[in-house]
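Structure record follows, encoded as structure tokens.
The values are calculated or read from the model by the stated rules, or taken from the named source; none is laboratory data. None of these values were measured; they are calculated from a predicted model. Neighbour counts are summed over all protein chains in view; Cβ atoms, including those assigned to glycine, are modelled from backbone coordinates with ideal geometry. For accessibility, only protein heavy atoms count, side chains too; no ligands or nucleic acids. Shrake-Rupley method; radii C 1.70, N 1.55, O 1.52, S 1.80 Å.
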Amino acid sequence: MSEKGICKGCVESVIVTEEVIQELVKETEEDLSVIVSDVVYKARLTICKNCPSLQYGTTCAHSGCIVRFRAKFKNKGCPFAGNPKWDKVS
Ligand code: SF4
């Protein structure tokens, strides 16, 4: 697969370093119009932290996304089928 079209939050390995996560999170802050407030971000991460679907402390089992990346975006919701634990922000 070419690199074009690969979601930045879905890296090749589901186990990633703290450095990679920090780079991903930093990139989200290049366009503040698409990311949620710090309050919403922290609330989302608290939910993820207590969710049994969180793998390796970093990755959602339902989407394969690094939650610290995914949770930054207004247009992303929790992918838990039938019972999302946090919603998109309009
Ligand atoms: S995104 Fe949803 S399902 Fe995935 S770890 Fe967070 S709360 Fe759990």
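So here's what we get for this one:
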read-out	value
Whichever residue in segment 72-87 is of a type in the set (Phe, Trp, Tyr) and within 7 Å of the ligand (Cβ to nearest atom) and, among such residues, is least open to solvent (accessible area, probe 1.4 Å)	86
Checking residue 69 against (1) out of contact with any His (no Cβ under 6 Å at 6 or more places or on another chain); (2) surrounded by fewer than 19 Cβ atoms within 10 Å (Cβ to Cβ), the condition it does not meet	(2)
Selection count, segment 63-87, where residues are modelled with pLDDT of 95 or more, assigned to a loop (DSSP other than H, G, I, E, B) and either more than 20 Å from residue 17 (Cβ to Cβ) or among the small types (Gly, Ala, Ser) (or both)	12
